[in-house]
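The values are calculated or read from the model by the stated rules, or taken from the named source; none is laboratory data. Note that this is a predicted model, so its numbers are computed, not measured. All Cβ positions, glycine included, derive from the backbone under ideal geometry; neighbour counts span all protein chains shown. The area values use the complete protein model at the heavy-atom level, side chains included, leaving out ligands, DNA and RNA. Shrake-Rupley method; radii C 1.70, N 1.55, O 1.52, S 1.80 Å.
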Amino acid sequence: MPPRSRLPPAWLQAAGLLAAAAASGVLLARPGVLPTASTSSVTVIGVADPEAITVHVAGWVAVPGLVELAPSARVADAVAAAGGLRPGAAIEQLNLAAPVRDGDQVVVPGPAEAEAPGSPAGSAGQGGPVRLNQASAQDLEGLPGVGPVLAERIIAYRDEHGPFEEVEDLLDVPGIGESKLAALRDLIVP
């Protein structure tokens, strides 16, 4: 008779590994969501889909950090992948239908950010540049020389052609020429 193995059954080993992973914070409830361990680091779990894009979701969401999404994802998908909104999030400041691309950052403003003067939701922070791919019509109208008609043209162009790759893409929007772009260049980012 061969000697009996001292190893526990396979199911017991698996349970032990799962418990250790959960205790160390490596196990995730939602695939694709990469929560931050602290404000300065991100836990990265293997890539599930080689075509997936990675988007940084910050602000008033349940689990800020990096999320992996399908290439056709929208801002709403990024927010959902980050665990959804926290109470008080100023969701009306976001264009949930806007497409996201690899490397984008989606910032969900909270109540204080929504009310802060000079800090439109499409901006990178108080007084910061307006993010063309996330800005609402109201955000765009806060720019010099951009009224309601031009703001709607910018949004219509973005919705029809996808996100702006670079600031110079604004030249394709009817009503924006070199001089208008020069006036806006330091106030906007894609």
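Observations, loosely collected:
- Out of A135, A112, A80, sole residue that is among the small types (G, A, S), open to solvent by 40 Å² or more (accessible area, probe 1.4 Å) and modelled with pLDDT of 85 or more: A80
- Restricting L150, L140 to residues that are surrounded by 16 or more Cβ atoms within 10 Å (Cβ to Cβ) and either modelled with pLDDT under 90 or within 29 Å of P64 (Cα to Cα) (or both) narrows the list to L140.
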